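J.: For reference, the structure I am asking about is given below.
The values are calculated or read from the model by the stated rules, or taken from the named source; none is laboratory data. As the structure is a prediction and not an experimental result, all values here were calculated from the model. Glycine also receives a Cβ, built like all others from the backbone with ideal geometry; neighbour counts cover every protein chain displayed. Ligands, DNA and RNA are stripped out before the accessible areas are found, and what is left, the full protein with its side chains, is counted by its heavy atoms. Shrake-Rupley method; radii C 1.70, N 1.55, O 1.52, S 1.80 Å.
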Amino acid sequence: MPSALGSGRKTQSADDIRRALGGRLGTTTNLGGMTNKGASPGMELLLPSSTLERAPSSTGGLSSKSSREVLTNSLRRLTNQITEFKRSFTQEQHHCNHRQGRMPEDRDGWKNRTEFILMLIGYTVGLGNVWRFPYLCQKNGGASFLIPYGIMLALEGIPLYYLELCIGQRMRKGSIGVWNEISPYLGGLGLASIVVCFLVSLYYNVIIAWCVFYFFKSFQNPLPWTSCPLEPATVGNVTTMEPVHECKITSPTKYFWYRTTLGMSSSIEEGGGMNWKLCACLVGIWLLIWLCMMKGIKITGKIVYMTATLPLILLIIFFFRGVHLKGYQEGLALLFIPEFDRLKDPLVWLDAAVQIFYSLGVAYGSLIAFSSYMPIKNDSTRDAITVCLINCATSIYASVVVFCFIGFQAEDRMEDCLDKQSKQAMRLLNGTGVSNVDTLDQATYNELLQNASIFFNETLVTCDKSEFLKLPSGQGLAFIVFTDAINKMPFAQLWAVMFFLMLIVVGIDTEFGMLEGVVTPVVDMKLFPKLRKEYISGILCLVSCLMGLPLVQYSGEYWVQLILTYCSGIPLLIIALVECIAICYIYGVDRFCDDIKYMTNKPPRFIWKWCWKIMSPITIFLVLSMSIKSMSESIPQYQVWDAKQGKVVSTTYPPWAKFLAIVITLVSIIFIPGVALLRYFRVIGMGTPELPTVILDADVDADLNSSELQPLHNGKPTKTKKRRKLSLARRKFRLEEREVERTEGNKNGPLNRVITANGQTYQLVNQHNGAAMFI
């Protein structure tokens with residue numbers, strides 16, 4: 001009984017293996033006959049058979065020549081079958097991993113879904129949520145701006161975010177590999193995303209370096225931007241210390257920002273030398289980012305637990321502090337009272353659409369890189385919607401905090417202004433002999449004050465609170481308005497440290513995403529196969545640091561304005577438009593929906609297909625057209641600090657800077673038509689991958705999902721019924737071809753046909769030494 005039970009178990013094992021390998025192991029072999037069907041494959045190769053007989057001889061032994069030939073041929077066949085068994089087991093294990101959602105062994109992966117979500121939140125929530133979104137709300141009608149912002153989020157933001165997550169998760173490659181898989185002519189789309197990520201990372205790290213400088217200065221008591229610096233002033237024979245004249249005509253916070261921190265030169269043409277304190281901050285930031293990225297997502301996946309949650313915690317702290325400041329109600333009223341008339345302005349809708357791209361980080365290729373490390377069986381639908389809504393909520397919440405501090409600062413400045421106005425009025429009226437001011441009515445008081453100002457040739461101080469409630473755009477909100485408000489608060493050093501720490505952490509998270517969008521495609525393409533990922537990341541950070549040094553000159557802020565304005569606006573819109581066209585009309589939206597159904601176990605709703613095919617491309621095209629029209633009609637200008645007037649003035653770019661702006665705009669998007677033309681005229685190869693991501697072979701089980709078996713498409717989509725018939729025909733042809741190989745044999749080993757992702761066919765030849773080659 002024990003032997004019978006053991007034989008039954010072996011029979012089941014042998015049948016399972018034969019079924020998995022598609023019958024590669026023959027039922028018989030010349031070595032030992034292998035006629036024992038109850039043995040396992042390994043035992044079949046070793047069991048003796050009655051068909052192998054001794055050659056007749058007088059001594060009863062084997063004949064020397066025929067026995068050697070039989071043994072040599074049998075050993076050769078045994079070697080071929082062992083090699084074939086190894087290849088079959090590897091291929092079957094690949095398909096098993098593919099069906100169960102496991103990733104290849106040589107590719108990193110997120111430890112859990114929480115790391116992936118936190119990384120997306122950290123990348124999506126950036127500095128634009130803190131200072132660009134509040135400025136746009138104040139500029140475009142307060143709460144009424146949320147209407148076009150929400151519509152653009154639904155029409156182009158979430159659909160594109162969802163599209164990039166799905167395409168990266170399905171193909172498990174970076175941006176270049178993904179678009180090469182869809183069509184070799186789209187290879188330039190991934191290169192365009194890489195160039196945009198690289199250019200943005202250059203100036204983004206400079207902004208983080210500014211925050212680092214302020215962060216270290218925040219530990220001083222008192223804060224260095226609370227008062228003007230002093231300089232010696234000689235009056236007659238007396239020398240006294242007086243505030244710097246440039247600081248007196250402006251404010252301590254503006255002077256510290258434009259002069260002490262940036263040391264701004266008079267124009268972009270005047271370099272002024274290197275700002276060494278900012279240079280040290282920039283080098284330190286790049287070193288920190290490399291240390292965090294050197295091991296890839298294995299380290300960054302742990303870091304995001306702190307970097308993604310700390311800014312939200314600090315925002316909560318600032319919110320509860322802001323609602324206890326005097327005058328915060330007027331700031332919140334400025335945010336939440338809508339101006340619906342502004343919705344008629346097309347520029348409001350343009351600002352909302354562009355802010356979506358800046359805020360969500362679509363079309364950079366970073367989302368494709370992040371999702372490529374996820375298992376194929378993951379519900380990316382809820383991931384996309386969850387992160388987009390969290391980003392939108394964070395922008396509104398940060399705006400609430402900002403406007404609380406704006407209201408507090410406006411109230412404080414209004415009190416100072418009224419105090420100065422009262423002192424000036426008393427001085428002027430006393431100079432004209434009017435002493436009893438309290439008995440005068442308002443009209444008489446204003447008339448006497450106006451006559452006194454004319455008599456003494458002095459301009460009256462006017463106080464308008466609406467002017468104090470206006471927000472500056474960009475960096476001025478963080479480095480001027482917020483620092484001025486912090487000066488008026490108790491424990492100012494503590495609040496300054498917390499605020500700039502929040503900006504640093506928010507910026508570093510986004511920088512991780514930008515650089516991952518560059519590193520992942522480079523590693524996937526194996527451009528430097530002998531270099532490990534930490535060396536590739538180190539080289540990238542070093543090159544970026546060296547190229548960022550001109551941005552920390554005394555004219556560096558002007559260069560930041562130039563790159564920020566022209567490197568990512570129009571290029572991102574073009575990249576996003578081409579992405580929609582590529583997925584819907586080249587790859588096929590139905591095929592893409594089949595992939596999503598396979599990954600999420602449920603088909604996408606019709607609204608997604610409607611957005612991808614119609615609404616998103618139309619919306620992006622309209623925004624792109626308006627952006628190009630607005631840019632062509634305006635004169636390229638940048639903001640220059642005028643030391644004599646103590647304020648910022650607009651100045652036209654010199655001709656060479658205008659040309660450079662055009663180059664910065666085109667340097668990324670030129671790759672999209674460039675690569676397509678070069679491949680069309682066969683100047684460069686089609687970029688066919690070494691091994692297919694999706695293999696269509698006769699040895700694959702018949703129960704595989706159709707979306708997993710189908711080759712990736714690079715032409716006009718075919719109908720589902722025709723594709724299935726063609727697949728069955730291929731299977732039948734290969735089964736017949738295999739039967740011929742079994743009967744006739746092949747001295748070079750069996751041939752196996754492989755269809756790559758680009759639709760090209762290769763023959764896999766197994767050599768006797770165990771090696772394999774494609775022909």
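J.: Could you check, for segment 366-380, whether at least one of its residues is of a type in the set (Lys, Arg) and at pLDDT 90 or above? Outline the logic, then answer.
T.: Keep residues of segment 366-380 that are of a type in the set (Lys, Arg), which gives 377.
From the residues that got through so far, the ones that are at pLDDT 90 or above too are none.
No, because not a single residue in segment 366-380 is of a type in the set (Lys, Arg) and at pLDDT 90 or above.
J.: Please go through segment 561-610 and give me each residue that is among the hydroxyl-bearing types (Ser, Thr, Tyr) and part of a helix (DSSP H, G or I), ordered by number.
T.: First, pick out the residues of segment 561-610 that are among the hydroxyl-bearing types (Ser, Thr, Tyr): 565-566, 568, 585, 587, 598, 600.
Within segment 561-610, Thr565, Tyr566, Tyr585, Tyr587, Tyr598, Thr600 meet the criteria.
J.: Quick one: in segment 252-266, which of the residues that are open to solvent by less than 30 Å² (accessible area, probe 1.4 Å) and not aromatic (Phe, Trp, Tyr) is nearest to Arg413 (Cα to Cα)? Steps first, please.
T.: Taking segment 252-266 and keeping what is open to solvent by less than 30 Å² (accessible area, probe 1.4 Å), we get 253, 256-257, 261-265.
This time we only want the ones that are not aromatic (Phe, Trp, Tyr), so: 253, 261-265.
Values: Thr253: 14, Thr261: 24, Leu262: 25, Gly263: 27, Met264: 27, Ser265: 29 Å.
Restricting to residues being open to solvent by less than 30 Å² (accessible area, probe 1.4 Å) and not aromatic (Phe, Trp, Tyr), the top hit is Thr253.
J.: Any idea which of Pro159, Pro134 is crowded, with 22+ Cβ neighbours inside 10 Å, closer than 16 Å to Ile390 by Cα, of a type outside the set (D, E, K, R) and over 15 Å from the mean Cα position of the chain (by Cα)? Steps first, answer last, please.
T.: Values: Pro134 fails: closer than 16 Å to Ile390 by Cα.
Only one candidate passes the filter, namely Pro159.
J.: Tell me, yes or no, whether segment 416-434 has at least one residue that is among the β-branched types (Val, Ile, Thr) and open to solvent by 10 Å² or more (accessible area, probe 1.4 Å).
T.: First, pick out the residues of segment 416-434 that are among the β-branched types (Val, Ile, Thr): 432, 434.
Checking which are open to solvent by 10 Å² or more (accessible area, probe 1.4 Å) leaves us with 432, 434.
Within segment 416-434, one or more residues are among the β-branched types (Val, Ile, Thr) and open to solvent by 10 Å² or more (accessible area, probe 1.4 Å).
J.: Tally time: how many residues in segment 265-285 are touching a Gly at 6+ places or on another chain (Cβ under 8 Å) and within 25 Å of Gln637 (Cβ to Cβ)? Working first, answer last.
T.: Just the residues of segment 265-285 that are touching a Gly at 6+ places or on another chain (Cβ under 8 Å), to begin with: 265, 272, 275, 278, 282.
Narrowing the set further to residues that are within 25 Å of Gln637 (Cβ to Cβ) leaves 265, 272, 275, 278.
Qualifying residue count, segment 265-285: 4.
J.: The conditions are (1) closer than 17 Å to Leu153 by Cβ; (2) touching a Ser or Thr at 6+ places or on another chain (Cβ under 8 Å); (3) among the hydroxyl-bearing types (Ser, Thr, Tyr), and Ser616 fails exactly one of them. Which is it?
T.: (2)
Listed here are the residues, each with its yes/no results for (1) in contact (Cβ under 8 Å) with a residue 60 or more places away in the chain; (2) surrounded by fewer than 21 Cβ atoms within 10 Å (Cβ to Cβ).
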{"site": "Pro529", "(1), (2)": "no, yes"}
{"site": "Lys533", "(1), (2)": "yes, yes"}
{"site": "Ile536", "(1), (2)": "no, yes"}
{"site": "Gly556", "(1), (2)": "yes, no"}
{"site": "Tyr587", "(1), (2)": "yes, no"}
{"site": "Lys609", "(1), (2)": "no, yes"}
{"site": "Met615", "(1), (2)": "yes, yes"}
{"site": "Leu624", "(1), (2)": "no, yes"}
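J.: Now for a different question. Quick one: Lys326 ticks every box in (1) open to solvent by 20 Å² or more (accessible area, probe 1.4 Å); (2) closer than 22 Å to Gly474 by Cα except a single one, so which number is it?
T.: Here Lys326 clears every test but (2).
J.: Among the residues in segment 564-573, are any modelled with pLDDT under 95 and either in contact with a strand residue (DSSP E or B) (Cβ under 6 Å, 6 or more places away or on another chain) or open to solvent by 50 Å² or more (accessible area, probe 1.4 Å) (or both)?
T.: Yes, segment 564-573 contains at least one residue that is modelled with pLDDT under 95 and either in contact with a strand residue (DSSP E or B) (Cβ under 6 Å, 6 or more places away or on another chain) or open to solvent by 50 Å² or more (accessible area, probe 1.4 Å) (or both).
J.: Can you tell me which residue among Ile356, Ile316, Ile368 is open to solvent by 10 Å² or more (accessible area, probe 1.4 Å) and in a helix (DSSP H, G or I)?
T.: The match here is Ile316.
J.: Another question, then. Just a yes or no: is a residue in segment 232-254 under 15 Å from Lys647 (Cα atoms), touching a Pro at 6+ places or on another chain (Cβ under 8 Å) and either at pLDDT 95 or above or in a helix (DSSP H, G or I) (or both)?
T.: Yes, segment 232-254 contains at least one residue that is under 15 Å from Lys647 (Cα atoms), touching a Pro at 6+ places or on another chain (Cβ under 8 Å) and either at pLDDT 95 or above or in a helix (DSSP H, G or I) (or both).
J.: Can I ask one more? Inspect segment 97-117 for any residue being at pLDDT below 85, open to solvent by less than 60 Å² (accessible area, probe 1.4 Å) and either in a helix (DSSP H, G or I) or in contact with a strand residue (DSSP E or B) (Cβ under 8 Å, 6 or more places away or on another chain) (or both) and give the result as yes or no.
T.: The answer is yes, given that some residue of segment 97-117 is at pLDDT below 85, open to solvent by less than 60 Å² (accessible area, probe 1.4 Å) and either in a helix (DSSP H, G or I) or in contact with a strand residue (DSSP E or B) (Cβ under 8 Å, 6 or more places away or on another chain) (or both).
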